[in-house]
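Below: the structure, in structure tokens.
The values are calculated or read from the model by the stated rules, or taken from the named source; none is laboratory data. All values reported here derive from a predicted model rather than from experimental measurement. Because the Cβ atoms are built from the backbone with ideal geometry, glycine has one as well, and the counts that use them run over all protein chains shown.
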Amino acid sequence: MAGWELDDFGLPREGNVESNGLQLHYLEWGDAAAQPLVMLHGGALTAHTWDVVCLALPEYRCIVPDLRGHGDSDWAPDGDYSSEAYRADLEALIAHLQLDRCVLIGNSLGGATALRYTAERSPDQQPAALVLVDIGPEMREAGRRRLRNFTDAPRELDSVEDFVERAVEFNPLRDRNVLRRSLLNNLRQLPTGKWTWKYDPNRFGRGPNASAPPTSEDRWRDVQRVVCPTLVVRGGNSDMFLDEDAEKLATTLRDGRWIRIENASHTVQGDQPLALANAIRDFVGSAPP
């Protein structure tokens, strides 16, 4: 699996938590008494994007939710997919599981949610540490447009293999077998026999009562409010988040550092899960409790 031989591994436990009337699904790996790591996926993905990373970190308790409108979590009936809605959902999950000083890890949308949650906490209530995977207050428009073109392509195809081929064309770095398994958790079959994505096609909606989306200036203010140790991870092949972006973010943070993981695009946990797991282990081990 992803260049890694596993002699034995267990399946994750599953659970649900309610947040503002929505049922949110999550996976949980490892010993419930171990240091908790909460991992948040990017837009149009699911909790299963972190499977190999969780398997590679057996000494931790890995908690991985499907964000609202994704995977096996409810879609928002009011169409609210604002940053505040995601933040409130994360707050509900952490309260439900009574997590004390967890480490927050997020890729893309998940990283933005982790940053928003952390910035809203007082310094003594922030996570033990924060890991932001290929995400910052400012993202490169060319990469964002390429990703949007991929997710906006026709939602219905004849087979899972058709989705695999489309995804491999978009990201040739991905291990085809791991990608197929991940896609099986992000697709559902329609009564017609065709296959489609699980995520809400209106996942960029904000709902009638949502506040205006945060600007880059808002996000930089959030960065300045983060006091916990923070690791910024950049995929070496990412066209959305470049070296200079990672360095600027790390130097702006109170206690920040950054690394580049080679042969990885925007979804680092899918392209190089073992390298990312090792980086998380090294970082969490070096961060103060």
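Buried (at least 16 other Cβ atoms within 10 Å of the Cβ), of a type in the set (Lys, Arg) and closer than 22 Å to LEU45 by Cβ, is that true of ARG188? Spelling it out, it is not the case that ARG188 is buried (at least 16 other Cβ atoms within 10 Å of the Cβ), of a type in the set (Lys, Arg) and closer than 22 Å to LEU45 by Cβ. All conditions in (1) loosely packed, with under 15 Cβ neighbours inside 10 Å; (2) of a type outside the set (D, E, K, R); (3) in a loop (DSSP other than H, G, I, E, B); (4) in contact with a helix residue (DSSP H, G or I) (Cβ under 9 Å, 6 or more places away or on another chain) hold for TYR199, with the sole exception of (1).
From TYR86, TYR81, grab the single residue that is touching a Ser or Thr at 6+ places or on another chain (Cβ under 8 Å) and crowded, with 21+ Cβ neighbours inside 10 Å.
TYR86
Scoring PRO154 on the criteria (1) surrounded by 15 or more Cβ atoms within 10 Å (Cβ to Cβ); (2) within 18 Å of ALA44 (Cβ to Cβ) leaves a single failure, condition (1). Of the residues making up the stretch 210-252, those that are of a type in the set (Asp, Glu) and closer than 30 Å to PRO172 by Cα are ASP239, ASP243, GLU244, ASP245, GLU247. Has the stretch 153-172 got at least one residue that is in contact with a strand residue (DSSP E or B) (Cβ under 9 Å, 6 or more places away or on another chain), at pLDDT 95 or above and among the hydroxyl-bearing types (Ser, Thr, Tyr)? So far as the stretch 153-172 goes, yes, one or more of its residues are in contact with a strand residue (DSSP E or B) (Cβ under 9 Å, 6 or more places away or on another chain), at pLDDT 95 or above and among the hydroxyl-bearing types (Ser, Thr, Tyr). Evaluating TRP258 against the criteria (1) among the aromatic types (Phe, Trp, Tyr); (2) farther than 21 Å from GLY43 by Cβ; (3) assigned to a loop (DSSP other than H, G, I, E, B) leaves one unmet condition, (3). Residue pairs whose Cβ atoms lie under 6 Å apart, sitting 6 or more positions apart in sequence or on different chains, and linking a residue in the stretch 167-196 that is touching a residue at least 12 places away in the same chain (Cβ under 8 Å) and farther than 23 Å from SER238 by Cβ to a partner that is of a type in the set (Asp, Glu) and assigned to a helix (DSSP H, G or I), do not occur here.
Scanning the stretch 107-127 for residues that are within 18 Å of the chain's Cα centre (by Cα) and either assigned to a loop (DSSP other than H, G, I, E, B) or among the hydroxyl-bearing types (Ser, Thr, Tyr) (or both) turns up SER108, THR113, TYR117, THR118, PRO127.
Return the only residue of VAL284, VAL227 being over 24 Å from ALA142 (Cβ atoms), in contact (Cβ under 8 Å) with a residue 24 or more places away in the chain and part of a loop (DSSP other than H, G, I, E, B). Selected residue: VAL227, the only one of VAL284, VAL227 that is over 24 Å from ALA142 (Cβ atoms), in contact (Cβ under 8 Å) with a residue 24 or more places away in the chain and part of a loop (DSSP other than H, G, I, E, B).
Scanning for something within 13 Å of the chain's Cα centre (by Cα), more than 18 Å from LEU27 (Cβ to Cβ) and not in a helix (DSSP H, G or I), does the stretch 86-106 turn up at least one residue? Checked against the condition, which is being within 13 Å of the chain's Cα centre (by Cα), more than 18 Å from LEU27 (Cβ to Cβ) and not in a helix (DSSP H, G or I), the stretch 86-106 yields no hits at all. Of the listed requirements (1) closer than 22 Å to SER83 by Cβ; (2) within 16 Å of the chain's Cα centre (by Cα); (3) hydrophobic (A, V, I, L, M, F, W, C); (4) part of a loop (DSSP other than H, G, I, E, B), VAL233 misses just one: (4). Listed by first and then second residue, the pairs with beta-carbon distance under 8 Å, at least 6 apart or on different chains, first residue in the stretch 149-164 and within 10 Å of TRP195 (Cα to Cα), second among the aliphatic types (A, V, I, L, M) and surrounded by 13 or more Cβ atoms within 10 Å (Cβ to Cβ), are VAL160/LEU183; VAL160/LEU184; VAL160/LEU187; PHE163/LEU157; PHE163/LEU183; PHE163/LEU187.
Put simply, of GLY21, GLY30, GLY71 the only residue that is farther than 21 Å from THR230 by Cβ, surrounded by 21 or more Cβ atoms within 10 Å (Cβ to Cβ), over 18 Å from the mean Cα position of the chain (by Cα) and modelled with pLDDT of 95 or more is GLY30.
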